[in-house]
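This report refers to the structure that appears directly beneath it.
Quick note: the coordinates plus some simple rules give every number you see, no bench work behind them. All values reported here derive from a predicted model rather than from experimental measurement. All Cβ positions, even for glycine, are placed from backbone atoms using ideal geometry, and neighbour counts span all protein chains on display.
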Amino acid sequence: MSYLKTAILLAGLTGLFMGVGYLIGGASGALIALVIAAATNLFAYWNSDRMVLSMYGAHEVDARSAPDLYSLVQELARRAGLPMPRVYIIDNPQPNAFATGRNPENAAVAVTTGLVQSLRREELAGVIAHELAHIKHHDTLLMTITATIAGAISMLAQFGMFFGGNRNNNGGFLGSLAMMILAPLGAMLVQMAISRTREYAADDMGARICGQPMWLASALAKIDNAAHQVPNMDAERAPATAHMFIINPLSGQGMDNLFTTHPSTQNRIAALQRLASQLGGSAAPAPSSAPRGGPWGGAARSRGPWG
């Protein structure tokens, strides 16, 4: 079903891409846009994860450069029955995280410095487990491709507005006005494409992977509170990628309505509380890789959160 959803979404975004091309250059513009869209779709399938990671300045870490974080991801991936994903750190004060990759064999988990510095280890485990759930559900393919295609649509619309549209086709003013509407429509399609039920599903599976739903619930409350106070300027410049994060990184979008990228955090926490009641005492024990002496161990306290 995830592959069908991807195909439907790409067809819709390609149609929108061609519509903007038509406004810029008529029939020939639509044809050129179709060729560009086909090439972009193919490129996005293989490279969209690298593009998104590069957009946020993420750098890969391993067992030597970030032993505590890496070992935590490693154990949770084992619990989830997944191959070990690549692990990235983003130098950003806003606590947040996302997963990317076209399949579980080519997946990556990225966390911000703000996330690691502000969460307890148990809460961090809940967040990482949530991202691993997205990988297991194959949501990451959809999320990364839509971010790339939506960005291309916005760029094409801005290009058309700069040149005033095809003056032989409804006039430059009308064409530009239409593109001013189509550009945010592309972002809206991205938001709607990533069904908010996928976040609930990832919360549910993530809670089961880490074994303690309230770890994730506590983390969501902290991240949501900080996201409204600490700006993420990289995300503000690329709003089409907002749906990838565990909490919406954009400011002023806390409403749980039809067009938001994420469900209400309060609703997500309530669902996790119900799951915790259902699981009762059957929850799994804490990840065994936790070093003694605090969330990151005594050595981590002297050398920073990366070990």
Where does each of Thr140, Thr197 land when they are ranked from fewest to most other beta-carbon atoms within 10 angstrom? Thr197, Thr140
Residue order, fewest to most surrounding Cβ atoms within 10 angstrom, among Leu216, Leu23, Leu275: Leu275, Leu23, Leu216
Ratio Rg/Rh [Cα only; Rh per Kirkwood] for the stretch 53-102: 0.96
Label points 7 Å out from Cα along the Cβ direction at Gln266 and Ser251: separation in nm? 2.3
Sort Lys136, Lys222 so the one with the fewest other Cβ atoms within 10 Å of its own Cβ comes first. Lys222, Lys136
To the nearest Å, what is the center-to-center distance of the stretch 16-63 and the stretch 101-148, using C-alpha atoms only? 22
Inter-label distance, nm, simple model (7 Å from Cα along the C-beta direction), Arg274/Arg64: 4.9
